[in-house]
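Laboratory data are not the source of any read-out in this text; all were calculated from the coordinates shown. Everything numeric in this text was worked out from a predicted model, so none of it was measured. Cβ placement follows ideal geometry from the backbone for every residue including glycine, while neighbour counts extend to all protein chains displayed.
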Amino acid sequence: MNRDQKAAAIEEIAAQIEAAEAIFAVDYRGISVPQAAELRGKLREADASFRIVKNRLSKLAAEKVGEERLADLLQGPTALTFVRGDTAQAAKAITSFNKDHDVLTFKGGFMDATNLDEEAFKAIARLPGREVLNGQLAGVVASPLTGLVRGLGSMIQGLALQLGQMAEKGLVSGEPSTDASAAGGAAGGTTAEEASATAGGGGSPAATGPAADEANEETSETEDESKEEE
């Protein structure tokens, strides 16, 4: 590589380091060209790339972007996996590939501010992928919301039913019901005619009609007979 090619390689590696959410370093000795192509295809599905690097150029690129941790991993034959997307899926791809071919040795890596040893890398590989986690999170969030919506719907239906019953009884419109008016009339006391008759002297009302006329005539006759005897 001439100077310009080296400078371009440093710039490219530096850009990949800056864009990566996680970086895995492996010893690639023994991997064939078809196997490397297979691994690149698997990693592409996780939005990750596999690159066999020159250690010196990679150290210069790491220094350029201030990533000092990478220098310790650049010893011996090294290939770097730059993960921009699903870190768990990328770790699964490498683990699955190595089960089939057994040609990679994990050297170390980091994810954001966390340094990764081999055990941490294997633990990440056992995690669900990002799409699975997003689906689980959506289910957890939607479940209480669904219950809340159903509960509010039941409350609204119950309120509407109560208001309908109150409207039928005239309690909402302000108009008393027919039953209530009838009950008020029955409990209101005596009629006007009864009150007028009773107000005549505090006792029973005066007799009227034919029976009263006969009584008056008998009284008048008795008085006349008494005068004749005298």
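Tabulated results
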{"read-out": "Top-ranked residue in region 94-112 [being part of a helix (DSSP H, G or I), of a type outside the set (Ser, Thr, Tyr) and in contact (Cβ under 8 Å) with a residue 40 or more places away in the chain; ranked as nearest to Ala46 (Cα to Cα)]", "value": "Ile94"}
{"read-out": "Unmet requirement for Ala91, which otherwise passes all of (1) outside any helix (DSSP H, G or I); (2) within 43 Å of the chain's Cα centre (by Cα)", "value": "(1)"}
{"read-out": "Members of region 18-40 that are surrounded by fewer than 19 Cβ atoms within 10 Å (Cβ to Cβ) and in a helix (DSSP H, G or I)", "value": "Glu18, Ala19, Val33, Pro34, Gln35, Ala36, Ala37, Glu38, Arg40"}
{"read-out": "Residue list for region 48-73, filter: outside any helix (DSSP H, G or I) and closer than 17 Å to Glu18 by Cβ", "value": "Ala48, Ser49, Arg51, Val53, Gly66, Glu67"}
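A quick yes/no check of all residues on (1) closer than 16 Å to Ile10 by Cα; (2) among the small types (Gly, Ala, Ser); (3) free of Cβ contacts under 8 Å to residues at least 60 places away in the same chain; (4) surrounded by 17 or more Cβ atoms within 10 Å (Cβ to Cβ):
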{"residue": "Lys42", "(1), (2), (3), (4)": "no, no, yes, yes"}
{"residue": "Leu57", "(1), (2), (3), (4)": "yes, no, yes, yes"}
{"residue": "Lys64", "(1), (2), (3), (4)": "yes, no, yes, no"}
{"residue": "Glu68", "(1), (2), (3), (4)": "yes, no, yes, no"}
{"residue": "Leu74", "(1), (2), (3), (4)": "yes, no, yes, yes"}
{"residue": "Thr87", "(1), (2), (3), (4)": "no, no, no, yes"}
